[in-house]
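Written out below as structure tokens is the structure these notes cover.
The values are calculated or read from the model by the stated rules, or taken from the named source; none is laboratory data. Since the structure is predicted, the reported quantities are computational estimates derived from the model, not experimental observations. Ideal geometry is used to build each Cβ from the backbone, glycine not excepted, and the neighbour counts take in all protein chains shown. What goes into the accessible areas is simple: the full protein's heavy atoms, side chains included, and nothing from ligands, DNA or RNA. Shrake-Rupley method; radii C 1.70, N 1.55, O 1.52, S 1.80 Å.
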Amino acid sequence: MRFDVVTIFPAMFAPVFEAGVVGRAREAGRIQLRAHDLREYTHDRHRQVDDMPFGGGPGMVMKPEPAIEAVEALRIENRGPVVLMEPWGERLDQELAAELAAEDGLIIVCGRYEGIDDRVRTALDAREISIGDYVLSGGEIPAMVLIDTVARLVPGVVGDPQSLTQDSFSSELAGWPQFTRPAEYRGMSVPDVLLSGDHARIRQWRHQQAAQRRVSHSKELKKR
Ligand code: SAH
């Protein structure tokens, strides 16, 4: 799978694309990740990517031409869907990530300022995706979240495929408390059941714990 990112801060991506399973998958050629400088697609001397909002209001808006032209250039090699990172977009979850992981590629445009001129969405028939109901200063971190989430679902990226099926949100009840050695640290000991070797009991304990965690984090319940 190939990921192309359009951004005014391409340098932000290098360290992230090098680390961990995503970095290894990239080295092994299972995924391709490229960050492209939006300013390369400007035509003026100042390489301007933003301008004042029509209708007034604070801040600046990302101009349509550089983003549209950048994506058009990338589309020659990447036929995947175009995604704009925007806080009001469709909310990223594990199901959407799995849907996108089935594509051959993704082209992701990172917004800055007050957002991206709406004609970018129209012209590119782009999908708007949000990583959550909060506002970041730019689309780069959201794009990294999206890429990481989608990339680890691409076959061969995560070494042991079983670790995907036992992920939170993939199975109905996952995300139980995990422990490793030492069995005791500062008086805190690992639950006996995990040392018991009784796999049926361990499975039961894990599901119980995961269910409890969900209940205690549930917003609806907290509000009551
Ligand atoms: N004034 C805008 C905020 C723009 S934030 C508003 O209220 O919606 C600037 C850029 O950051 C956005 O264009 C988008 O690319 C990115 N961004 C901020 N929060 C985001 C989120 N939750 N999900 C995805 N992208 C986000």
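Assorted remarks:
- Every residue from region 104-136 that is away from the ligand (no atom under 11 Å from the Cβ), surrounded by fewer than 20 Cβ atoms within 10 Å (Cβ to Cβ) and among the small types (G, A, S): G105, A123
- Any pair with Cβ under 7 angstrom, 6 or more apart, that starts in region 1-16 at a residue that is within 24 Å of D50 (Cβ to Cβ) and of a type outside the set (G, A, S) and ends at one that is open to solvent by 30 Å² or more (accessible area, probe 1.4 Å) and part of a loop (DSSP other than H, G, I, E, B): I8/R112
Matching residues to (1) closer than 20 Å to D148 by Cβ; (2) touching a strand residue (DSSP E or B) at 6+ places or on another chain (Cβ under 8 Å):
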position: L84; (1), (2): yes, yes
position: E99; (1), (2): yes, no
position: G105; (1), (2): yes, yes
position: C110; (1), (2): yes, yes
position: D117; (1), (2): no, yes
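- Screening A143, A101, A97, A35 for residues that are within 13 Å of the ligand (Cβ to nearest atom) and within 20 Å of the chain's Cα centre (by Cα) leaves exactly one candidate, A143.
- Those residues of region 1-29 which are among the charged types (D, E, K, R) and either part of a loop (DSSP other than H, G, I, E, B) or open to solvent by 10 Å² or more (accessible area, probe 1.4 Å) (or both), in sequence order: R2, E18, R24, R26, E27
- Residue count for region 96-140, restricted to those that are touching a residue at least 40 places away in the same chain (Cβ under 8 Å) and either of a type in the set (V, I, T) or farther than 20 Å from P58 by Cβ (or both): 28
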